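*Asks:* Have a look at this one before I ask anything.
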Amino acid sequence: MYTAIIFLPLLGALIAGFLGPWIKDLGAQLVTCGALLLSAVLAVVAFVEVAIGGQPRTIELASWITSGSFDASWSLRWDTLTAVMVLVVTVVSSMVHVYSIGYMSHDDSKPRFMAYLSLFTFAMLMLVSADNLVQMFFGWEGVGVASYLLIGFWYHKPSANAAAIKAFVVNRVGDFGFALGILGIYLLFDSVSLDVIFAAAPEKAGTVMSFLWMEADALTVLSILLFIGAMGKSAQLGLHTWLPDAMEGPTPVSALIHAATMVTAGVFLVARMSPMFEYAPTALAVVTVVGAATAFFAATVGTCQNDIKRVIAYSTCSQLGYMFFALGVSAYSAAIFHLMTHAFFKALLFLSAGSVIHALHDEQDMRNMGGIWRKIPFTYAMMWIGSLALAGIPFFAGYYSKDLIIEAAWASHSGVGHFAFWMGITAALLTAFYSWRLLFMTFHGKPRMDQHTLEHAHESPPSMTVPLAVLALGAVISGFVGYDVFVGTQMDAFWGASIKVLPENNTIEAAHHVALWVKILPIGVAAAGISLAYIAYILKPELPAMFVARFRPLYLFLLNKWYFDELYDWLFVKRAWQIGRWFWQGGDRAIIDGFGPDGISMVARWCAGQAGRLQTGYLYHYAFAMLIGVVALVSWYLAFGG
């Protein structure tokens with residue numbers, strides 16, 4: 001059963017990908033959706049056995065790489081952390097698969113799309129079930145390749161191709177850090193097996209290693225390198241620029257990448273390696289600061305975006321920041337709890353946005369929407385549920401997980417923890433504001449689209465609305481259902497050895513005893529954000545234009561995403577282009593070609609030209625040459641022949 005959960009999506013991908021021309025669109029959809037639904041059902045059973053029943057296990061499939069002391073087997077590690085991740089990935093992915101039947105109904109390449117979705121899911125499942133770092137890296141890179149294929153699925157669009165390449169390249173930066181971390185871990189621990197690393201981590205605390213011409217704490221360096229890998233996959237500040245552009249892919253891709261799969265890989269990595277991170281407090285402080293800064297940055301940018309999918313994309317970036325600063329204050333289980341609840345309501349928001357786009361004939365600009373809630377009431381209701389959960393309104397899922405993260409940051413009683421707390425509070429205010437800005441601009445006010453589009457706006461088919469209902473159920477109940485086992489009284493028994501927290505770092509226990517104002521403040525700022533959006537977009541719709549006119553530099557700064565893309569274009573892209581041109585002109589053409597094929601051919605041409613000048617066509621020239629030859633031969637004979 002455990003092996004089938006992981007490999008069923010791969011089987012579906014292979015059948016749909018290679019047999020698509022024969023089984024046709026319907027066959028590919030049935031095979032991939034059936035495999036994912038079966039995998040999701042089995043994942044529920046596995047979750048009950050492993051996480052609830054406390055029966056972790058490791059299933060060795062085959063010996064993979066053996067070289068000297070290096071040994072990496074192909075094994076499936078099933079503990080509570082794996083069971084939670086597999087459950088979330090399979091449930092959300094199966095709903096995305098079903099949703100895609102309706103959303104992609106007019107596309108000409110359905111088998112290819114369904115195959116890519118299933119391949120993506122397999123890679124993610126392989127990542128979260130890995131028993132060693134090399135196997136995890138295999139899944140890590142598999143997710144990157146599949147995301148490249150999905151983001152650039154509509155390859156006839158130059159913008160989609162550019163977005164796919166951008167995602168691939170930016171992630172390579174993070175992946176390089178991850179690869180260095182794996183090599184460093186092998187150097188320090190003489191193993192890439194997770195059990196060996198975790199068992200030896202306490203003994204390695206305080207070990208010094210040489211890195212970049214300096215002596216540094218080994219666990220700190222290795223943890224930061226792993227975190228750099230996590231920053232790329234999970235779009236943290238600095239390596240986040242690929243995430244909004246990934247909206248060029250079809251909406252189901254956005255839901256799959258931004259909800260439960262690719263972007264949560266980094267969160268999973270840090271939580272998985274918690275037995276090592278716990279002995280690297282400096283690395284944890286770095287994780288906290290970067291996560292808090294990301295939460296604030298993305299929330300500010302989300303307030304000014306006009307593309308409905310980009311607003312939700314920056315929301316994802318911001319929520320990932322929450323998860324990372326939870327990891328940074330050692331609230332690992334709170335981070336995974338938020339990962340789980342976020343998967344449901346963020347997938348719900350993305351797929352609801354897809355339903356809006358479907359209803360409005362591929363319109364994504366919220367400035368061209370408005371007044372459509374009566375046309376698509378079910379989608380409207382689903383968007384409300386997702387927004388309430390995202391804003392952390394009691395008693396939706398986000399309230400239980402996000403608020404606990406904010407409380408844990410305060411309970412850490414550290415400088416970086418308090419920084420994260422106030423960044424989280426500010427981000428909570430902005431999150432509520434841009435969520436209701438999206439709702440009001442999309443569904444309320446006067447219709448701003450053409451009459452034809454308005455008249456033909458319609459609710460999505462059941463293949464799209466049923467997955468929305470399933471995800472909405474998760475967005476409503478997953479918080480209070482999972483609270484006790486994830487972060488409450490049953491937390492220690494539930495997580496077992498899959499997550500390690502040193503007693504002095506137990507911020508979750510401390511979070512349950514913080515002052516009342518710390519618990520109330522996130523709810524208060526969320527209510528303030530909703531009220532502000534209501535005033536600005538319903539009561540006084542002229543206010544946004546007045547704000548833009550009054551604070552235009554600030555508006556442009558946020559609209560242009562803090563100019564990160566422009567900065568990177570000037571700093572890296574143009575400099576790389578200039579260096580490449582210099583190597584091309586000065587190195588390739590002048591040196592390699594100049595002394596190589598071009599130089600040789602030029603010398604040959606010159607020699608041929610000189611030889612050609614000897615052929616004048618005059619008889620006396622040839623007779624004179626012959627005479628010189630005879631004289632030379634006679635001279636040689638007289639000098640050496642006798």
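*Asks:* Taking Cα atoms of the stretch 348-497, Rg/Rh with Kirkwood Rh, to two decimals?
*Replies:* Answer for the stretch 348-497: 1.09.
*Asks:* While we're here: Using only the C-alpha atoms of the stretch 144-199, find the volume of their convex hull and express it per residue in Å³.
*Replies:* Considering the Cα atoms of the stretch 144-199, their hull volume per residue is 70 Å³.
*Asks:* So what's the chain giving for Rg/Rh, alpha carbon basis, Kirkwood Rh from the mean inverse pair distance?
*Replies:* Across the chain, the Cα-based Rg/Rh ratio is 1.15.
*Asks:* Label points 7 Å out from Cα along the Cβ direction at Val173 and Ile520: separation in nm?
*Replies:* Inter-label distance under the simple model: 4.4 nm.
*Asks:* Apply 1/(1 + (r/R0)^6) to the Cβ-Cβ distance of Ile477 and Asn560, taking R0 = 35 Å, and write down the FRET efficiency to the nearest 0.05.
*Replies:* 0.35
*Asks:* Next question, about the same structure. Using the Cα atoms of the stretch 137-176, I'd like the radius of gyration and the largest Cα-Cα distance, Dmax, both in angstrom.
*Replies:* Computed over the Cα atoms of the stretch 137-176, radius of gyration and Dmax are 10.3, 31 Å.
*Asks:* Once the mean 1/r over all distinct Cα pairs of the stretch 137-260 is inverted, what Kirkwood radius in angstroms do you read off?
*Replies:* Roughly 15.9 Å, rounded to one decimal.
*Asks:* I'd like the accessible area for Glu60: 1.4 Å probe, protein heavy atoms, all chains in place, Å² to the nearest 10.
*Replies:* In the full protein context, Glu60 sits at about 120 Å².
*Asks:* Also, I was wondering about something else. Based on the alpha carbons, how large is the Rg to Rh ratio for the stretch 83-158 when Rh follows Kirkwood?
*Replies:* 1.03
*Asks:* Right, another one. Over the chain, what is the relative contact order in whole percent, taking alpha-carbon pairs under 8 Å and six or more residues apart?
*Replies:* Answer for the chain is 12 percent.
*Asks:* A follow-up question, please. Could you calculate the contour length gain from Tyr618 to Ala493, that is, 0.36 nm times the residue separation minus the distance between their Cα atoms, to one decimal place in nm?
*Replies:* In short, 34.4 nm is gained.
*Asks:* While we're here: Principal axes first, then extents: for the Cα atoms of the stretch 168-236, list largest minus smallest coordinate on each axis, whole Å, largest first.
*Replies:* 36, 30, 17
*Asks:* Quick query: amide H of Met369 versus all other amide H atoms, modeled in the peptide plane; which residues come in under 5 Å with a sequence gap of 5 or more or a different chain?
*Replies:* Hits under the 5 Å cutoff: Arg448.
*Asks:* Could you tell me what % of all Cα pairs in the stretch 371-433 have separations over 18 Å?
*Replies:* When all Cα pairs of the stretch 371-433 are counted, 47 percent exceed 18 Å.
*Asks:* Now, a different point. Taking only protein heavy atoms and a 1.4 Å probe, what accessible area per residue, in Å², does the chain have with all protein chains in place?
*Replies:* On a per-residue basis, 41 Å².
*Asks:* So which lysines pass the test for Lys519, namely a Cα distance under 17 Å, with those fewer than 8 places away in the same chain ruled out?
*Replies:* Excluding near neighbours in sequence, the set is Lys402.
*Asks:* When the Karplus curve 6.51 cos²θ - 1.76 cosθ + 1.60 is applied with θ = phi - 60°, which whole-Hz ³J(HN,Hα) does each residue of the stretch 112-124 get, with x for Gly and Pro?
*Replies:* 5, 5, 5, 5, 4, 4, 5, 5, 4, 5, 4, 4, 5
*Asks:* Taking the alpha-carbon set of the stretch 522-563, what are its Rg and Dmax in Å?
*Replies:* Rg, Dmax (Cα atoms, Å): 12.4, 32.
*Asks:* Using a cut-off of 25 Å between alpha-carbon atoms, which lysines can reach Lys446, once sequence neighbours fewer than 8 places away in the same chain are excluded?
*Replies:* Qualifying lysines at Cα under 25 Å: Lys309, Lys375, Lys540.
*Asks:* Treating cross-link reach as a plain straight distance, find the lysines whose alpha-carbon is under 28 Å from the alpha-carbon of Lys204, omitting any fewer than eight places away in the same chain.
*Replies:* Reachable lysines: Lys233, Lys500.
*Asks:* Next question. If a/c stays under 1.5 just call it rounded; otherwise compare a/b with b/c (prolate if a/b is bigger, oblate if not). Do that for the stretch 51-107, with a ≥ b ≥ c from the square roots of the Cα gyration tensor eigenvalues.
*Replies:* Oblate, since a/c reaches 1.5 and b/c is not below a/b.
*Asks:* When the Cα atoms of the stretch 14-73 are enclosed in a convex hull and the volume is divided per residue, what value in Å³ results?
*Replies:* 107 Å³
*Asks:* Starting from the Kirkwood Rh over alpha-carbon pairs, what translational D in µm² s⁻¹ does the stretch 531-642 have by Stokes-Einstein at 37 °C and 0.692 mPa s?
*Replies:* Result for D is 145 µm²/s.
*Asks:* Would you kindly calculate the mean projected area, averaged across all directions, of the convex hull enclosing the Cα atoms of the stretch 435-483, in square nanometres?
*Replies:* 5.0 nm²
*Asks:* How many percent of the alpha carbon pairs in the stretch 298-364 exceed a separation of 17 Å?
*Replies:* 49 percent
*Asks:* While we're looking at this one, here's another question. Give or take rounding to whole Å, what are the principal axis extents of the alpha carbon atoms in the stretch 196-262, in descending order?
*Replies:* On the principal axes, the stretch 196-262 reaches 48, 29, 13 Å in Cα extent.
*Asks:* Gain in length, Arg552 to Ala205, computed as 0.36 nm per residue apart minus the alpha-carbon separation, to one decimal in nm?
*Replies:* 119.8 nm
*Asks:* Can you give the extra length, in nm with one decimal, that the chain gains between Met626 and Leu571 once fully stretched, where that is 0.36 nm per residue apart less the Cα-Cα distance?
*Replies:* Answer, rounded to one decimal: 12.9 nm.
*Asks:* In a Debye calculation with equal point scatterers on the alpha-carbon sites of the stretch 469-548 and no solvent, what is log10 I(q)/I(0) at q = 0.19, 0.20 Å⁻¹?
*Replies:* -0.99, -1.02
*Asks:* Moving to a separate point now. What translational diffusion coefficient, to the nearest whole µm²/s, does the stretch 264-340 have by Stokes-Einstein, given a Kirkwood radius computed over alpha-carbon pairs, a temperature of 20 °C and 1.002 mPa s viscosity?
*Replies:* Estimated via Stokes-Einstein, D reaches 170 µm²/s.
*Asks:* How compact and how long is the stretch 220-309, expressed as Rg and Dmax of its alpha-carbon atoms in Å?
*Replies:* Cα-based Rg and Dmax for the stretch 220-309 come out at 14.3, 44 Å.
*Asks:* In whole percent, how big is the carbon plus sulfur part of the accessible area of the chain, probe 1.4 Å, protein atoms only?
*Replies:* 70 percent
*Asks:* Also, quick follow-up: Report the Stokes-Einstein translational diffusion coefficient (µm² s⁻¹, integer) for the stretch 1-115, Rh taken as the Kirkwood radius over Cα pairs, at 4 °C with viscosity 1.567 mPa s.
*Replies:* Stokes-Einstein gives a translational diffusion coefficient of 84 µm²/s.
The values are calculated or read from the model by the stated rules, or taken from the named source; none is laboratory data. Keep in mind it's a predicted model, so treat the numbers as computed, not measured. With ideal geometry, Cβ positions are generated from the backbone for all residues, glycine too; neighbour counts draw on all protein chains shown. Only protein heavy atoms, including side chains, enter the accessible area calculation; ligands, DNA and RNA are left aside. Shrake-Rupley method; radii C 1.70, N 1.55, O 1.52, S 1.80 Å.
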